[in-house]
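Inspection log for the structure reproduced underneath, given as structure tokens.
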Amino acid sequence: MLKMKRIYFIATILFLSVPVWAEEVVQQNAVKQEPDQKFQGFNLQGYNEGGQKAWDVNGDTAHIDGDKVNLTNVVANSYGNQKVNVTAQKGAINQTTGEMNLEKDVVVTSEQGTQMLTDSLNWDRKKDIVSTKDNVIITDKDVTMTGKGLEAKTGLKSAKIQEDVAVTVATDPKKKLSADGNKVTITSDGPMTMDQAKSFAVFEDNVIAVQGDKRLKADRMEVYFDTQNKSIEQIICIGNVEVTQGENQSFAQKAVYKASEQKLTLSGRPKLIMDTQGKNGFSAFGN
């Protein structure tokens, strides 16, 4: 059975990968510079209302050009419920708006080891949105996720990968992700949306889930999680549903998989109930 904690690692890095900078005290290790100044070493820090450090940004060199500070070899950290480190070859901070842009070899790493790689990352302070138009690779011990274009709003604890989504999840954490039969791969044209607060993920447009010889296809796939048991609770597939296992194939307009019953119910052209526990039945995804 798919384990929710694997997806949660993904959700966590998306929701916490960039420090929450707004409405905090800021200190800089250099006095205010005149426009078009260059200097070695740059450090910017933010503190919460309790006086504890909330984040910091460091650069090898800084070039102040009006309200814009251009940095090289950027290293940033956030110190919240989970420490997160962000590095990039280049960065720019708008001192007026607080917006920050990172470019070239952007790497976001959580203290648990989950990592996100992309070519650029933008943070809009007013909207509290982090985003990129580039390809994204997110890895954890039991999960690999790729896609193009990312947008996350920390206040709503939600994130979206825009297109070309592929998620591979190990079904048994004791085995390697590359082991035969130990992975479920879900692909979609996108977007894919995750909502940590509501404990669900939605894949849209040409969604295909594959495990071994089992294949589930739909226009839209909603995955709901059981937060207590950290496992999949229900999968709802909507629109042009195809279920394939070996030579067997079924079609429907809607399919609902309930993990507690290990049953897949198909409705619309025709309506079928398949017992996934039987020897010749359609076995459950993730088992």
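The values are calculated or read from the model by the stated rules, or taken from the named source; none is laboratory data. Being a predicted model, the structure only gives us computed values, none of them experimental. Methodologically, a virtual Cβ is constructed for each residue, glycine included, from the backbone with ideal geometry; neighbour enumeration extends over all protein chains shown.
Taken as a whole, the structure places Leu71 among residues that are at pLDDT 90 or above, surrounded by 17 or more Cβ atoms within 10 Å (Cβ to Cβ) and of a type outside the set (S, T, N, Q). Quick check: anything in the stretch 19-41 at pLDDT 80 or above and either touching a Ser or Thr at 6+ places or on another chain (Cβ under 8 Å) or acidic (Asp, Glu) (or both)? Yes.
When residues in the stretch 112-145 are screened for being acidic (Asp, Glu) and over 21 Å from Gly59 (Cα atoms), 4 of them pass. Pairing each residue of the stretch 201-216 that is at positive phi with any residue that is of a type in the set (S, T, N, Q) and part of a strand (DSSP E or B), provided the two are 6+ apart or on different chains, yields C-beta distances under 9 Å for Asp205/Ser188; Asn206/Thr187; Asn206/Ser188; Gly212/Gln245. Among the residues of the stretch 203-216, those identified as at pLDDT 90 or above and surrounded by fewer than 19 Cβ atoms within 10 Å (Cβ to Cβ) are Asp205, Asn206, Ile208.
When we screen Ala92, Ala76 for residues that are in a strand (DSSP E or B) and in contact with a Ser or Thr (Cβ under 9 Å, 6 or more places away or on another chain), the only hit is Ala76.
With respect to the conditions (1) modelled with pLDDT under 85; (2) in a strand (DSSP E or B), Gln228 falls short on a single one, namely (2).
Out of Ala159, Ala166, I need the residue that is small (Gly, Ala, Ser), in a strand (DSSP E or B) and modelled with pLDDT of 90 or more. Which one? Working first, answer last.
Working: Ala159 fails: modelled with pLDDT of 90 or more.
It is Ala166.
Okay, residues lined up against (1) over 20 Å from Ser188 (Cβ atoms); (2) out of contact with any helix residue (DSSP H, G or I) (no Cβ under 7 Å at 6 or more places or on another chain); (3) surrounded by fewer than 17 Cβ atoms within 10 Å (Cβ to Cβ):
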{"site": "Gln234", "(1), (2), (3)": "no, yes, yes"}
{"site": "Val241", "(1), (2), (3)": "no, yes, no"}
{"site": "Glu247", "(1), (2), (3)": "yes, yes, yes"}
{"site": "Ala252", "(1), (2), (3)": "no, yes, no"}
{"site": "Lys263", "(1), (2), (3)": "yes, yes, no"}
{"site": "Ser267", "(1), (2), (3)": "yes, yes, yes"}
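Within the stretch 113-127, the set of residues being outside any strand (DSSP E or B), out of contact with any strand residue (DSSP E or B) (no Cβ under 6 Å at 6 or more places or on another chain) and surrounded by 14 or more Cβ atoms within 10 Å (Cβ to Cβ) comprises Arg125 only.
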